[in-house]
1. Exactly one condition in (1) within 12 Å of the ligand (Cβ to nearest atom); (2) under 19 Å from the mean Cα position of the chain (by Cα); (3) crowded, with 17+ Cβ neighbours inside 10 Å is false for Tyr164; which is it?
2. Among the residues of the stretch 121-173, what is the count of those that are within 30 Å of Leu193 (Cα to Cα), outside any helix (DSSP H, G or I) and of a type in the set (Ser, Thr, Tyr)?
3. Which residue out of Asp203, Asp184, Asp169 is surrounded by fewer than 15 Cβ atoms within 10 Å (Cβ to Cβ), away from the ligand (no atom under 12 Å from the Cβ) and at pLDDT 95 or above?
4. Residues that are under 19 Å from the mean Cα position of the chain (by Cα): find the helices (runs of 4 or more DSSP H) completely inside the stretch 41-97 holding 3 or more of those.
5. Which residues, taken from the stretch 92-119, are closer than 20 Å to Ala141 by Cα and of a type in the set (Asp, Glu)?
6. Out of (1) more than 14 Å from the ligand (Cβ to nearest atom); (2) closer than 20 Å to Asn83 by Cα; (3) assigned to a loop (DSSP other than H, G, I, E, B), what's the single condition that is false for Ile11?
7. Pairs only if they're at least six apart or on different chains, beta carbon under 6 angstrom, first in the stretch 24-37 and within 6 Å of the ligand (Cβ to nearest atom), second aliphatic (A, V, I, L, M) and not in a helix (DSSP H, G or I); list them, first residue then second.
8. Return only the number of the condition from (1) of a type outside the set (A, V, I, L, M, F, W, C); (2) outside the structural domain of Tyr69 (by TED's automatic domain parsing); (3) touching a residue at least 24 places away in the same chain (Cβ under 8 Å) that Gly155 does not satisfy.
Amino acid sequence: MDTIQTLQQYIDQSSRIVFFGGAGVSTESGIKDFRGVDGLYHLKYKYNPETILSHSFFLSRPDEFYEFYQDKIVQPTLAAAPNTAHRVLAQLEQAGKLTAVVTQNIDGLHQMAGSQNVLELHGSIHRNYCMQCGQKYGLDAVSNADGVPRYHCGGMFRPDVVLYEEPLDETIITKTVQAISQADLLIVGGTSLTVYPAAGFLDFYQGNRLVVINLDNTSYDSKAALTINGKIGEVLGKIKL
Ligand code: OAD
């Protein structure tokens, strides 16, 4: 049996599937990942992206933060649409087979494809708030701004995303641990599994059907019942629902 047939069989036999993904899920939508061959971390900047996307850098150099964030994250996301991977995962949820999508992505493409229960470990670029008065705003607070986005009160907007040096949301952690620990099939895809605590949540899986679908090898491949080295949209596109 080939790997796709095995994946198909696993999916057919499961009713509490959880998908855990990262930036590689959106590369087929035209958004660059961080550590893949064409990823943001291979481009040359004055600072490395982990520094720019950190809490201390955001507060000390908001102008440079927003230049990078607009250019490399917001504008590419605005131009993107869900791909086959996003759509198949939404269909699996609608079919009552998938209980949650856990994502490290902040692009909102799973929701755009129709997924309802999306646990966004690193927040979302679509939610923004004024750091002075707390006023909530959509993405247009940032996408339409020239330079550092500010609300009428003069306060600076910040995206509701988890920057380096910041903790994850406790409620999202609780829901993630619950979903993964109750999953009968855990499909991991498009993530290097190098960023913690996110990657560590996989350890709560208690089943014996861990599937990893990724272009590069990951540190969880040796624990997986099935590994597929391929593009996640192409792989999931071969699944019959
Ligand atoms: P990475 O860029 O670290 O990893 C993306 C992985 O997806 C790589 O292993 C690629 O080989 C793989 N990949 C790329 N395109 C793929 C495709 N079409 N199909 C299958 N695999 C593909 O992204 P993440 O693991 O999401 O955090 O990175 C985790 C966190 O690091 C991000 O959430 C972000 C970043 O810094 C914060 O900003 C807090």
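The values are calculated or read from the model by the stated rules, or taken from the named source; none is laboratory data. It should be emphasised that the depicted structure is a prediction, and the values quoted were computed from it without experimental measurement. As a convention, Cβ positions derive from the backbone with ideal geometry for all residues, glycine included, and neighbour counts pool all protein chains shown.
1. (3)
2. The qualifying residues number 3.
3. Checking each option against the conditions leaves just Asp203.
4. Values: elements: 49-52, 55-60, 62-68, 75-78, 84-94.
Because the criterion is at least 3 residues that are under 19 Å from the mean Cα position of the chain (by Cα), the helices (runs of 4 or more DSSP H) in the stretch 41-97 that meet it are 49-52, 75-78, 84-94.
5. Matches in the stretch 92-119: Asp107 only.
6. (3) is the only condition that Ile11 fails.
7. none
8. Result: Gly155 fails condition (2) only.
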